[in-house]
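> Handing you a structure now.
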Amino acid sequence: MIFGHISTWKQDAALLPQALVKGLTYLAKTEIASLPVGKHEIEGKDIYVSVNEYETEPRSARRAEAHAEYLDIQFMISGQEQIAYSILSPANKVLADELADNDVIFYKNVERETELIMTEGTYAIFFPWDVHRPNCVLDQPCKVKKAVVKIKMSLLNQ
């Protein structure tokens, strides 16, 4: 997992694989706040962004998840939330395996979660070995607009 702020994306980009740089560049140079809710292709199905609007929920109402084929760059456009984070562990009990259809697996329990506080302009990069529980209330329920850039893991080797 990598955590940062879009104001330092150029410094971060100097240390990252090209595919991640493409995602951060898109977030930094696009009028992302004006994008409508929905899926927008950046490089076809290899790199795309989903723009979402929602109200945060109690942590107990959210499911911990991980992906296999894609990584996430979760970028907070407006609002604030908490994301619980942990590493993938064989001790995690699977709640629903939707990897084949939707590239997501949900977990019933996750050990040793830690919290990230996402505020406007912050981003978190979650790899397939990172379990994350997004959209959680920070202080009180909050309306959020967030972009999630999805990047195929196979692009990191190029």
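> Name every residue in the range 127-144 that is charged (D, E, K, R) and more than 11 Å from the chain's Cα centre (by Cα), in order of residue number.
Step one: list which residues in the range 127-144 are charged (D, E, K, R), which gives 130, 133, 139, 143.
D139, K143, listed by residue number.
> For the range 71-79, check the following and say yes or no: at least one residue is closer than 22 Å to A19 by Cα, loosely packed, with under 14 Cβ neighbours inside 10 Å and polar (S, T, N, Q). Spell out how you get there, then give the answer.
First, the residues of the range 71-79 that are closer than 22 Å to A19 by Cα: 71-77.
Pick out the ones that are also loosely packed, with under 14 Cβ neighbours inside 10 Å and you get none.
Among the residues of the range 71-79, not one is closer than 22 Å to A19 by Cα, loosely packed, with under 14 Cβ neighbours inside 10 Å and polar (S, T, N, Q), which makes the answer no.
> Given (1) within 22 Å of P128 (Cβ to Cβ); (2) touching a Gly at 6+ places or on another chain (Cβ under 7 Å), identify the lone condition not met by L16.
(2)
> In the range 100-114, is there at least one residue being closer than 17 Å to Q82 by Cα and assigned to a strand (DSSP E or B)?
The answer is yes, given that some residue of the range 100-114 is closer than 17 Å to Q82 by Cα and assigned to a strand (DSSP E or B).
> Go through the range 5-16 and give me each residue that's surrounded by fewer than 16 Cβ atoms within 10 Å (Cβ to Cβ) and either within 21 Å of E120 (Cβ to Cβ) or touching a residue at least 12 places away in the same chain (Cβ under 8 Å) (or both).
Selection gives H5, S7, T8, K10, Q11.
> Next question. When you scan the range 17-31, how many residues do you find that are surrounded by fewer than 17 Cβ atoms within 10 Å (Cβ to Cβ) and within 17 Å of L71 (Cα to Cα)?
4
> Which condition number does H132 fail, the rest of (1) surrounded by fewer than 16 Cβ atoms within 10 Å (Cβ to Cβ); (2) under 20 Å from I47 (Cβ atoms) being met?
Of the numbered conditions (1) surrounded by fewer than 16 Cβ atoms within 10 Å (Cβ to Cβ); (2) under 20 Å from I47 (Cβ atoms), the odd one out for H132 is (1).
Laboratory data are not the source of any read-out in this text; all were calculated from the coordinates shown. Values in this document were obtained by computation on a predicted structure and should not be read as measured data. Note that we place each Cβ from the backbone using ideal geometry, even for glycine, and neighbour counts take in every protein chain shown.
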